Amino acid sequence: MNSPHHPRYARHRFPAEVISHAVWLYFRFRLSLRMIEEMLAARGILVSHETVRQWALKFGQSFANQIRRGLPAAGDKWHLDEVVISIAGRKHWLWRAVDQHGIVLDILVQSRRNATAAKRLLRKLLKKQGAAPRVMITDKLASYAAAKRVVMPGVEHRQHRGLNNRAENSHQPTRRRERIMKRFKSAGQAQRFLSVHDQVANLFRRPANTNAADHRKARAQAFQVWADVTDIASVA
């Protein structure tokens, strides 16, 4: 516990390795805060679940932002989809965009499922990605077409439910995590959590049709990126 601290972790009793590992466990796996508390305790690290929650809130978004900046440029084909989530007994919509490689580009939690909400998503994507895609693929929700005509008029738009499985499948980890968390408590909490969760998943995702050797190499590279992002390497 006496390893040097990076300035990012100043005034924290636990070193960077413990904090970053707890944050990684929380966003990478379907674990509750109390499960992480117990896993750390099994290794002699006595920390409360509330402390883990505070670490996730304080460091998660900055880690995710650095991961996003380090990822390769997005593909030229964007898949967009929306799914309903229940928050405090009210319907909300989780809008998500992924590229043709399965990388989550962005998410947006909104209370509406209309053209205005679709425009907000497209504008946010353009701001983050810096360029429009060649092709946009969605289901047959009319709001996408209305938003595209205003925000990205020159982009090819394909509307077909069967073409959009990639975006629909990307909702599955969120559904599983939602059950572990016993639903999100607010739209803000869902937005904050999923913004980090999806970027960590991007970093550690296993591409399809890779052999074991390539998977081990990619995983080692992902852990190195995580060490750089969390400043573990600088205090090692």
#### Entry: Potential extension, A42-E168 segment - 0.36 nm per residue separation minus Cα distance
41.6 nm
### Message
What does the extension gain come out to for T210 and H160, with contour length at 0.36 nm per residue minus their alpha carbon separation?
### Response
15.1 nm
### Rounded to whole Hz, the Karplus (6.51, -1.76, 1.60) HN-Hα couplings of segment 192-207, x for glycine and proline
5, 5, 5, 4, 7, 3, 6, 6, 5, 5, 4, 5, 9, 5, 9, x
### Task
Report P(r) for the chain: all Cα-Cα distances, bin width 5 Å, range 0 to the bin holding the largest distance, values in whole percent.
1, 6, 13, 16, 17, 16, 12, 9, 5, 3, 1, 0
### segment 77-196, Cα convex hull volume normalised per residue, Å³
96
## Note on the structure
Percent antiparallel among DSSP beta bridges confined to segment 77-196, rounded to 5, stands at 70
### Message
Which lysines, if any, have their Cα less than 28 Å from the Cα of K140, not counting same-chain residues under 8 positions apart?
### Response
K77, K91, K119, K124, K127, K128, K148
### Task
Rounded to whole Hz and in sequence order, give me ³J(HN,Hα) for segment 70-82 from the Karplus expression 6.51 cos²θ - 1.76 cosθ + 1.60, θ = phi - 60°, writing x for Gly and Pro.
x, 6, x, 4, 5, x, 8, 10, 9, 9, 10, 7, 9
### Task
Please work out how much length the chain gains when fully extended from K124 to Q66, using 0.36 nm per residue of separation minus the C-alpha to C-alpha distance, in nm with one decimal.
19.1 nm
#### Entry: Surrounding net charge for E50, when Lys and Arg each add one and Asp and Glu each subtract one, Cβ distance under 12 Å
+1
### Query
Classify segment 1-130: rounded, prolate or oblate, from the alpha-carbon gyration tensor (a ≥ b ≥ c, eigenvalue square roots; a/c under 1.5 rounded; otherwise prolate if a/b is larger than b/c)?
prolate
### Query
Hey, what angle do you get for helix 142-151 against the long axis of the chain, alpha-carbon based, 0 to 90 degrees rounded to 10?
90
#### Entry: Proxy reagent accessibility, fewest Cβ within 10 Å first, across F27, F14
F14, F27
### Task
Along Cα→Cβ, 7 Å out, is where each label goes; now give me the distance between the ones at A218 and R134 in nm to one decimal.
2.1
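A short reminder: the numbers here are calculations on the coordinates, not readings from a lab. Predicted model, so just to flag it, every value in this text is computed and none were measured. All Cβ positions, even for glycine, are placed from backbone atoms using ideal geometry, and neighbour counts span all protein chains on display.
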